[in-house]
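We did not get these values from a lab; they are worked out from the coordinates using the rules stated. Not measured: the values here are computed from a predicted model. Cβ atoms come from the backbone with ideal geometry, glycine included; neighbour counts cover every protein chain shown.
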Amino acid sequence: MRIGELAKATGTTARALRHYEEAGLIASERAANGYRVFDDRTVVRVRNIRHLLAAGLTLDDVQIFLPCLDGDVTAAPPSDRGLRIALERLAVLNERIATQTEARDRLQAALQEQMGGRIRPVA
């Protein structure tokens with residue numbers, strides 16, 4: 001399967017696929033014309049990569065999960081290292097959310113003050 005077909009089958013872009021390949025998460029062969037050719041099983045691997053990225057992990061984090069990317073990554077028993085990485089990423093995300101919430105609240109308070117309370121609070 002060529003890169004465009006893989007992109008369409010996985011809902012991603014050729015650029016993202018090249019990035020995953022550069023990171024060592026997927027591999028391709030080269031056809032005689034120089035085009036990348038991927039094994040059909042790469043569809044599952046890319047979907048798992050996208051699932052982990054959507055959950056907040058980074059490409060470096062995803063490297064830890066290489067042994068289970070070709071199967072049902074959500075059903076695989078978690079490794080201690082995988083759990084540690086996920087917990088660390090969760091802590092980072094929680095910290096970012098708290099920082100952004102504080103910034104939003106300060107901006108909202110400043111606007112409320114400047115506009116005499118004429119804006120609705122953000123839920």
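Starting from the alpha-carbon convex hull of the range 49-120, give the projected area averaged over all orientations, in nm².
Mean projected area of the Cα convex hull: 6.4 nm².
Taking only the C-alpha atoms, wrap a convex hull around the chain and report its volume per residue in Å³ as a whole number.
149 Å³
Taking H as built 1.01 Å from N, whose amide H comes closer than 5 Å to the amide H of R2, not counting residues under 5 places away?
F38
Cα centroid distance between the range 70-120 and the range 13-52, in Å?
Taking the Cα centre of the range 13-52 as reference, the centre of the range 70-120 is 30 Å away.
Could you check the simple spin-label distance between A14 and L87, using points 7 Å along Cα→Cβ, in nm with one decimal?
If labels sit at A14 and L87, their model points lie 4.4 nm apart.
Go through A75, V92, T13 and say which Cα lies farthest out towards the positive end of the charge dipole of the chain; charges sit on Cβ, +1 for Lys and Arg, -1 for Asp and Glu.
Positive-end residue among those listed: T13.
Let me spell out the model: positive unit charges on the Cβ of Lys and Arg, negative unit charges on the Cβ of Asp and Glu, origin at the Cα centre of the range 1-76. What dipole size does that give, in debye rounded to 20?
Here the range 1-76 has a charge dipole of around 300 debye.
What are the ³J(HN,Hα) couplings of the range 47-59, residue after residue, when phi is run through the Karplus curve with 6.51, -1.76, 1.60 and θ = phi - 60°? Round to Hz, x for glycine and proline.
My calculation for the range 47-59 gives 4, 5, 4, 5, 4, 5, 5, 5, 7, x, 7, 9, 4 Hz in order.
Which value, in Å³ per residue, describes the convex hull spanned by the Cα atoms of the range 78-123?
So the per-residue Cα hull volume is 46 Å³.
Divide by every residue of the chain the summed helix terms, -39500 (n - 2.57) for each DSSP H run of at least 4, and state the resulting mean residue ellipticity at 222 nm, rounded to the nearest 500 deg cm²/dmol.
-18000 deg cm²/dmol
Have a look at the range 1-59 and give its Rg and Dmax from the Cα atoms, expressed in angstrom.
In Å, with Rg to one decimal and Dmax whole: 11.0, 38.
Once phi is turned into θ = phi - 60°, what whole-Hz ³J(HN,Hα) does the Karplus curve with 6.51, -1.76 and 1.60 give for every residue of the range 20-35, x standing for Gly and Pro?
Each residue's phi maps through the Karplus curve to give 4, 5, 4, 7, x, 8, 9, 9, 9, 9, 10, 6, 4, 7, x, 5 Hz.
Nothing charged except the Cβ atoms of Lys and Arg (+1) and of Asp and Glu (-1): what's the magnitude of the dipole of the range 78-123 about its Cα centre? Round to the nearest 20 debye.
Charge dipole, the range 78-123, about its Cα centre: 140 debye, nearest 20.
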